[in-house]
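Down below is the structure, laid out as structure tokens.
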Amino acid sequence: MKKNNSLKGKVGISDTNLLLTITIAVFLLMYVSAVVFLGSGFTKPQTFFNILNDNAALIILSCGMSIVMITGGIDISVGTLTALVCMSCAVHLDYNGGNVITAMLLALGIGLAFGLVQGYLVAYLDIQPFIVSLAGMFFAKGMTTIVNSTQFNVAHEGFKALKAIRIYVPFMGSINKKGIYVPAYVEPGVIVALLVVVILFVVLKWTKTGRNFYAVGGNVNSANMLGINVRRTKFIAHLMCSLLAGIGGFVYFMHVGSGSVSHAAGAEMNAIASSIIGGTMLSGGVGNIAGTFFGVLSLSTIKNIVSSLGLDEAWWTNITVAAMICLFLLIQSLVLLRKNKKK
Amino acid sequence: MAKKNNKKGIGSIFAGLFRNQIFIPLAALLILVVFNLIADPSFFKITLGQNNAGDPILSGNIMTILNNASELAILAIGMTLVTAASGGQDISVGATIAIAGSVILRILCGAAGPRPETMQAPIIVAFLIACVVTMLFGAFNGALVAYFKIQPMVATLIMFTAGRSIAAWINNNQLPVIKDVSFGYFGNYIPGIPVPTPVFIAILCMIIIALVLKFTNLGLYVQSVGINSHSSRLNGLNPEFIKFITYVIMGLCVAVAGLIKVSRISTINYSVIAKDIEMDAILAVALGGNALGGGKFSMTASILGAYVIQFLTTTLYKFEVPSDALPAYKAIVVIILVVMSAPVVREKFGQLWKKIAPEKAVKEA
């Protein structure tokens with residue numbers, strides 16, 4: 001490897017791109033082998049779109065998580081925050097006579113409020129992000145129960161209409177057993193998720209704010225010496241993460257159409273896992289939104305494969321997912337250890 | 001530093017106390033005690049009653065706190081070491097407690113099916129096997145962290161995800177029930193002794209760790225590895241091994257906590273047992289004022305932190321806060337505590353105190 005690797009970015013491959021390549025390769029390998037060996041379900045494009053439909057919210061949450069992780073922080077409040085957004089919107093629509101627009105604003109407002117408080121505590125009071133978001137997680141969990149403790153489906157007409165929107169993808173349909181053409185569709189949430197992915201990809205790659213995230217995560221001191229406002233960068237990262245959790249919460253709400261305390265349970269860990277599989281490192285400075293996107297897809301593809309293999313016992317899903325996280329971590333660890341030795 | 005403070009008078013001693021690590025959990029405990037004293041002094045009443053079996057037992061809120069905080073205090077011991085050495089937290093403890101409990105029940109049931117009339121193996125054997133199993137899982141986490149250089153939270157995410165499923169797998173997803181009363185001694189009361197057994201187990205663990213820290217170099221090594229693993233290597237330590245060993249110790253703590261947990265109810269619920277206890281254990285470490293980034297630690301402060309959390313929980317229950325809404329109140333208290341203990345805020349407190357202090361110092365002189 002060339003010596004001035006870090007100065008001349010185009011020589012050699014950077015950590016971020018290397019990990020991204022591994023992730024995409026493994027995802028493609030997994031999906032192709034699923035198509036080849038399992039056939040039936042996986043050959044239909046709709047299976048792929050269903051993965052997107054089910055995980056639109058997770059994609060958005062994971063993107064926020066990646067940003068925070070790139071700056072070297074963590075946010076474990078996003079899962080319960082999603083539940084809080086769902087429950088608040090549900091109560092707002094059904095009991096308080098709100099409409100869809102105000103529900104959306106409510107979701108954004110909750111995300112914004114969490115982001116402001118958590119960001120301030122992390123960035124300006126120097127409290128560890130883990131503890132801040134742990135408190136955020138507890139708070140959101142408790143507040144969800146205080147808002148409403150029972151699960152219920154939303155009966156609001158406007159929302160039902162919104163939830164029923166299907167966006168048909170041309171040329172991707174399939175013919176079912178009766179010989180009728182079934183068009184492939186995605187839910188509006190998927191469009192939101194893809195938009196989020198594209199926008200954040202651009203922001204992280206080509207804007208000053210985006211590059212600041214990497215600089216702060218890579219080395220706080222050098223970032224400081226470069227004249228980057230470290231505190232503000234951290235604040236923005238946490239603000240964005242919680243705001244995205246608000247958006248993700250509403251997308252989740254559109255997908256399930258109900259409010260429940262147990263919604264999105266463990267979503268924060270799935271988001272962290274997806275980010276890691278996507279090549280983001282918890283130590284900060286390394287990561288990619290595109291990788292995160294493929295991380296979510298890999299995670300849910302492996303779940304689908306396990307269930308279609310007929311391993312019905314509930315424990316297999318979790319054990320395989322854990323094994324997969326383990327595998328990715330080992331690959332990353334070995335790659336980086338080798339690379340560091342070469343230097 | 002201490003000498004300087006003594007010369008400057010009482011104001012500076014207070015300022016110094018603000019910076020002392022044990023101040024935070026102690027102050028929190030004191031606030032809770034005072035709050036309860038004002039709100040309802042009967043909170044502290046301890047009565048001698050009888051349980052269903054006719055044995056004398058002490059009951060009261062204080063006993064509840066001491067009893068229920070046992071597992072947390074035991075876990076806080078392991079978590080403190082893990083945090084100090086590796087600069088990260090083990091989030092898999094809840095899941096590995098499920099594994100420990102599952103292993104214990106599996107051994108006790110043996111081949112006799114999930115509801116045996118008698119235990120098929122001595123409890124001590126089951127417990128020791130559970131210790132070995134959880135220490136192996138601890139070793140797995142430790143190896144990932146120490147030798148593969150994976151961040152602790154991420155490395156333990158693996159067991160966090162898989163643990164409860166493995167626990168269910170061990171018992172084929174059945175729910176074993178142990179009918180023998182002697183199995184319940186570890187989580188409840190031993191006949192004739194009015195204090196719940198977990199309290200004794202927790203005290204025993206604390207004594208052991210206190211002796212270990214006093215008579216071995218474990219504490220020193222852990223701190224030096226946490227502060228700077230490179231320079232501790234230059235001083236002849238093996239940082240990888242020390243990180244590794246803290247995770248194995250954590251495994252041992254998990255086995256003890258697991259025994260108490262399953263003994264309390266004589267059965268297990270894989271998805272509920274010790275749920276979110278990892279978060280409370282980390283909170284205990286943080287409330288103890290320990291840096292979550294590793295380095296110096298205070299075991300006493302961590303254990304005190306564990307009791308503060310339980311004290312808070314019991315206080316909230318006393319005021320009839322529904323158990324599901326509990327986390328919200330807990331979060332508010334946690335935020336207040338961490339904001340109070342944040343270096344930036346404490347610095348300002350210290351400055352404020354110094355402004356008031358000179359007058360007092362003059363008066364004393």
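Contact annotation: no residue pair with Cβ atoms under 6 Å, 6 or more positions apart or on different chains, pairs a residue in segment A:262-287 that is more than 16 Å from A:G136 (Cα to Cα) and of a type in the set (K, R) with a partner that is at pLDDT below 85 and surrounded by fewer than 24 Cβ atoms within 10 Å (Cβ to Cβ). Residues considered: A:G295, A:G291, A:G249, A:G287. Of these, the only one that is buried (at least 24 other Cβ atoms within 10 Å of the Cβ) and part of a loop (DSSP other than H, G, I, E, B) is A:G287.
In segment A:136-246, which helices (runs of 4 or more DSSP H) lie fully inside it and hold 3 or more residues that are exposed (fewer than 14 other Cβ atoms within 10 Å of the Cβ)? Helices (runs of 4 or more DSSP H) meeting the threshold: A:157-164, A:188-206, A:220-225. If you go through segment A:271-281 one residue at a time, how many are under 14 Å from the mean Cα position of the chain (by Cα) and within 9 Å of chain B (Cβ to nearest Cβ)? The number of residues fulfilling the criteria is 3. Out of all the residues in segment B:161-174, is one or more surrounded by 20 or more Cβ atoms within 10 Å (Cβ to Cβ), modelled with pLDDT of 90 or more and away from chain A (no Cβ under 14 Å)? No - not one qualifying residue is present in segment B:161-174. The conditions of being under 16 Å from A:T292 (Cβ atoms), at pLDDT 85 or above and either surrounded by 24 or more Cβ atoms within 10 Å (Cβ to Cβ) or among the polar types (S, T, N, Q) (or both) are met by A:N55. The residues on offer are A:G246, A:G259, and the sole one that is closer than 30 Å to B:D276 by Cβ, in contact with a strand residue (DSSP E or B) (Cβ under 9 Å, 6 or more places away or on another chain), in contact (Cβ under 8 Å) with a residue 24 or more places away in the chain and not hydroxyl-bearing (S, T, Y) is A:G259. Annotation: of all residues in segment A:324-335 being facing chain B (nearest Cβ under 8 Å) and over 20 Å from the mean Cα position of the chain (by Cα), the one that is surrounded by the most Cβ atoms within 10 Å (Cβ to Cβ) is A:S333.
Could you give every pair whose Cβ atoms fall below 7 Å, whose first residue belongs to segment B:270-295 and is on the phi > 0 side of the Ramachandran plot and within 11 Å of chain A (Cβ to nearest Cβ), and whose second residue is at pLDDT 85 or above and buried (at least 19 other Cβ atoms within 10 Å of the Cβ), counting only separations of at least 6 or pairs across chains? Close Cβ pairs (under 7 Å, with a partner that is at pLDDT 85 or above and buried (at least 19 other Cβ atoms within 10 Å of the Cβ)) amount to B:D276/B:G94. Across segment B:141-154, the number of residues qualifying as surrounded by fewer than 20 Cβ atoms within 10 Å (Cβ to Cβ) and free of Cβ contacts under 8 Å to residues at least 24 places away in the same chain comes to 2. Among helices (runs of 4 or more DSSP H) entirely within segment B:201-308, having at least 1 residues that are among the basic types (K, R) singles out B:229-234, B:239-265. Is segment B:60-67 home to any residue that is among the small types (G, A, S), more than 14 Å from chain A (Cβ to nearest Cβ) and outside any helix (DSSP H, G or I)? Scanning segment B:60-67 turns up at least one residue that is among the small types (G, A, S), more than 14 Å from chain A (Cβ to nearest Cβ) and outside any helix (DSSP H, G or I). The set of residues in segment B:120-140 being among the polar types (S, T, N, Q) and either surrounded by 20 or more Cβ atoms within 10 Å (Cβ to Cβ) or at pLDDT 95 or above (or both) consists of B:T134 alone. On the stretch given as segment B:319-348, residues that are more than 7 Å from chain A (Cβ to nearest Cβ) and surrounded by 15 or more Cβ atoms within 10 Å (Cβ to Cβ) total 6. Taken over segment B:177-200, the residue count meeting the criterion of being at pLDDT below 90, in a helix (DSSP H, G or I) and surrounded by fewer than 18 Cβ atoms within 10 Å (Cβ to Cβ) is 3.
Of the residues making up segment A:139-162, those that are touching an Asp or Glu at 6+ places or on another chain (Cβ under 9 Å), within 7 Å of another protein chain (Cβ to nearest Cβ) and not hydroxyl-bearing (S, T, Y) are A:K141, A:G142, A:I146. Selection over segment B:297-312 of residues that are in contact with a Leu (Cβ under 7 Å, 6 or more places away or on another chain) and either within 14 Å of chain A (Cβ to nearest Cβ) or of a type in the set (S, T, N, Q) (or both) gives a count of 4. Taking the criterion of being within 14 Å of chain B (Cβ to nearest Cβ), among the polar types (S, T, N, Q) and closer than 28 Å to A:F152 by Cβ, the only residue of segment A:88-132 that qualifies is A:S88.
Given the criteria in contact with a helix residue (DSSP H, G or I) (Cβ under 9 Å, 6 or more places away or on another chain) and at the interface with chain B (Cβ under 10 Å from one of its Cβ atoms), does A:F48 qualify? Taking the combined requirement at face value, the residue does not satisfy it. Being among the small types (G, A, S), within 22 Å of A:V26 (Cα to Cα) and within 14 Å of chain B (Cβ to nearest Cβ) is true of A:G295.
Answer yes or no as to whether A:M69 is within 14 Å of chain B (Cβ to nearest Cβ), touching a Pro at 6+ places or on another chain (Cβ under 9 Å) and in a helix (DSSP H, G or I). When the stated conditions are applied, A:M69 does not pass them.
Of the listed requirements (1) out of contact with any Ser or Thr (no Cβ under 8 Å at 6 or more places or on another chain); (2) within 11 Å of chain A (Cβ to nearest Cβ); (3) more than 13 Å from B:A100 (Cα to Cα), B:S182 misses just one: (2). Of all positions in segment B:99-112, none carries a residue that is touching a residue at least 24 places away in the same chain (Cβ under 8 Å) and within 10 Å of another protein chain (Cβ to nearest Cβ). When residues in segment B:318-339 are screened for being aromatic (F, W, Y) and either over 24 Å from B:I62 (Cβ atoms) or assigned to a loop (DSSP other than H, G, I, E, B) (or both), 1 of them pass.
The values are calculated or read from the model by the stated rules, or taken from the named source; none is laboratory data. Here the structure is a predicted model, which means the values were calculated and not measured. Heads up, the Cβs are rebuilt from the backbone with ideal geometry, glycines too, and the neighbour counts pull from every protein chain shown.
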